[in-house]
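Okay, so here's the structure we're looking at.
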Amino acid sequence: MVNQITSLDEFNAFFHQPTLHPLVGLGRLEDAELSLFSPIDFGMYCIVLMDEDFGELKKAGSGVHYKPGTAFSIRPGQVVSMNIDSSVTPRGYIMAFRPELLIKAGLGRDFYMFSFFNQDTLEAVELTEGERSLIIRAYQTLLFELQTPPDNLTDHMIRLSIGHLLSYYKRFFDRQFTSDDLANSDLIRRLNTILDEYLSSGQPIQKGQPTVAWCADQFHLSPNYFGELVRRQLQITAQEYIQNKVIDTAKDMLKDSNLSIGDIAKSLGFAYQNHFTRLFHKKVGISPTLFRKERI
């Protein structure tokens, strides 16, 4: 059974604390009811700081133990849970805000920058001690604004405080991402294998060309997050990479087989030969027919 949080009152009840704002909440994990760690959809955007390894986090069907000083994000609709280690006291923070805040407080204008919310994996940020201090200070600044009697700047300051926390998280997330070349290279190697196997399997005849969404699904990632990984690693879009892979396969088939242009197009998932010819000419600069003649 999955619990669903539909209001900040429900969120704050887990921490035995009053609701200071109808759209924003901040809780300390050591104050939380254990039921908070059962399968739950917060229905909100959250940034969680795990300041202790107190069990296995379950997210998107996978589990992981995070090191103390690890932060991760949750978006509305994602279900998370913890297999609690009863010998360890939970420590950390969770900041949560309702999607309505993106409209009512103007935060949505810059929200496109925070694409880390689109990830479906257990990807998280292992913070340095200095980064952890900045994240905790951002939590404390937000808590100060929530506890301050409201005035004409309250909504503005709360929006800035949330934006400050999200911006720090993005900076540290990007820092970790760009330093993790091995993992990113492994993703590209796996993507190559997946595409090679699919294009040679005969499945494109029935299922069509591989898409960004299909490739992302093979890694259990959202299409947006998968696309960002590919773009950062290769400096081209995921769609361009997939198209290049399809055309490279087509070039091999044109050189090494006697299949007609139409049969090659069909085997690669093109519904119409002219669509294949148009893409091939765009990528290679000549038609498939001329390419084959020049390679004979």
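The values are calculated or read from the model by the stated rules, or taken from the named source; none is laboratory data. Nothing here was measured: the structure is a model prediction, and the numbers come from that model. Because the Cβ atoms are built from the backbone with ideal geometry, glycine has one as well, and the counts that use them run over all protein chains shown. These area figures cover heavy atoms from the full protein model, side chains too; ligands, DNA and RNA do not enter into them. Shrake-Rupley method; radii C 1.70, N 1.55, O 1.52, S 1.80 Å.
Would you tally the residues in the stretch 205-220 being open to solvent by 20 Å² or more (accessible area, probe 1.4 Å) and touching a Ser or Thr at 6+ places or on another chain (Cβ under 7 Å)?
2
Taking the residues in the stretch 135-163 that are aliphatic (A, V, I, L, M) and open to solvent by less than 40 Å² (accessible area, probe 1.4 Å) as candidates, determine which candidate is modelled with the lowest pLDDT. First the steps, then the outcome.
First, pick out the residues of the stretch 135-163 that are aliphatic (A, V, I, L, M): 135-136, 138, 142-143, 146, 153, 157-158, 160, 162.
Next, from what is left, pick out any that are open to solvent by less than 40 Å² (accessible area, probe 1.4 Å): 135-136, 138, 142, 146, 158, 162.
Working: 135: 96, 136: 96, 138: 96, 142: 96, 146: 95, 158: 92, 162: 95.
In this case the residue turns out to be 158.
Determine if the stretch 233-251 includes at least one residue that is at pLDDT below 85 and surrounded by 13 or more Cβ atoms within 10 Å (Cβ to Cβ).
yes
Exactly one of (1) in contact (Cβ under 8 Å) with a residue 12 or more places away in the chain; (2) within 30 Å of residue 216 (Cβ to Cβ); (3) among the aromatic types (Phe, Trp, Tyr) is unmet by residue 14. Its number?
(2)
Filter the stretch 94-134 down to the residues that are open to solvent by less than 20 Å² (accessible area, probe 1.4 Å), more than 24 Å from residue 9 (Cβ to Cβ) and either outside any helix (DSSP H, G or I) or at pLDDT 95 or above (or both) and list them by number.
The answer is 114, 119, 124, 125.
Just to check your reading of the model, which residue among 41, 85, 53, 31 is acidic (Asp, Glu) and farther than 23 Å from residue 132 by Cβ? Write out each step before concluding.
Values: 85 fails: farther than 23 Å from residue 132 by Cβ; 53 fails: farther than 23 Å from residue 132 by Cβ; 31 fails: farther than 23 Å from residue 132 by Cβ.
None of the others qualify; the one that does is 41.
Kindly list the number of the only condition in (1) over 20 Å from the mean Cα position of the chain (by Cα); (2) in contact (Cβ under 8 Å) with a residue 12 or more places away in the chain; (3) surrounded by 14 or more Cβ atoms within 10 Å (Cβ to Cβ); (4) closer than 19 Å to residue 12 by Cβ that fails for residue 51.
Just one mismatch for residue 51, condition (4).
So is residue 67 open to solvent by 60 Å² or more (accessible area, probe 1.4 Å) and either over 23 Å from residue 41 (Cα atoms) or in a loop (DSSP other than H, G, I, E, B) (or both) or not?
Details: open to solvent by 60 Å² or more (accessible area, probe 1.4 Å): yes; either over 23 Å from residue 41 (Cα atoms) or in a loop (DSSP other than H, G, I, E, B) (or both): yes.
Judged against the criteria, residue 67 is a match.
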